[in-house]
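The structure appears right after this line, and notes come after that.
Here, each number is a calculation from the coordinates, and none is a lab measurement. What you are looking at is a predicted structure, and each value in this text was computed from that prediction instead of being measured. Heads up, the Cβs are rebuilt from the backbone with ideal geometry, glycines too, and the neighbour counts pull from every protein chain shown.
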Amino acid sequence: MIRAYAPFTGQTFAATWPIGDPVTVFAPGPQERRLTGDDLELGEYRAMSAAAASVSETALRAGSPRAVVAVDLTEDALSDAAEVVAGVVMGTVTIDPLRTASVHIDDPEGFAALPEDRDAALAALADSDLLWFDSAEIGQLVELLRQLGADDGLEG
């Protein structure tokens, strides 16, 4: 199995869960997937970070925290994936909600307190850690994100 990471804004994730359409995912490259233990975890962290970074600009424009869905895929699911940064590949897959391991989001309070300056906000996002939610908590997370969107006037 391959652990891959699909980037969304929180608003988009909440509106489309369970996700039925193909989405972009980031995953450790083939060499990194052969690693074990801490080395494999580092490769997965790089892939998750690349996924989060890929949606940072969109999240700022939307005023919605980043959400990264961690999903387990079969080895052949990313056979056509291309390397986007050293050790990280990007491909397109359909996510099986039953194979979703977790969801990682920006702290909504921290996101709301980002600097207004775009470059400073992007730098703050690059330095921030994402909160972790187990797959069993996805329903509650979706509801929270929907409430945040409604409270902020993001839902239309």
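Taking other Cβ atoms within 10 Å as a rough exposure proxy, VAL84, VAL25 sort from fewest to most as VAL84, VAL25.
Between 0 and 90 degrees, the angle of helix 118-127 with respect to the longest Cα principal axis of the chain falls at about 50 degrees. Projected over every direction and averaged, the convex hull enclosing the alpha-carbon atoms of segment 2-148 yields 8.4 nm². Principal-axis analysis of the Cα atoms of the chain puts helix 37-54 at an angle of about 40° to the longest axis.
Remark: segment 50-137 is approximated by an ellipsoid whose semi-axes, taken from the C-alpha gyration tensor as √(5λ), come to 26, 17, 10 Å, largest first. From helices alone, the chain scores -12000 deg cm²/dmol at 222 nm; the rule is -39500 (n - 2.57) for each run of n ≥ 4 DSSP H residues, then divide by the residue total.
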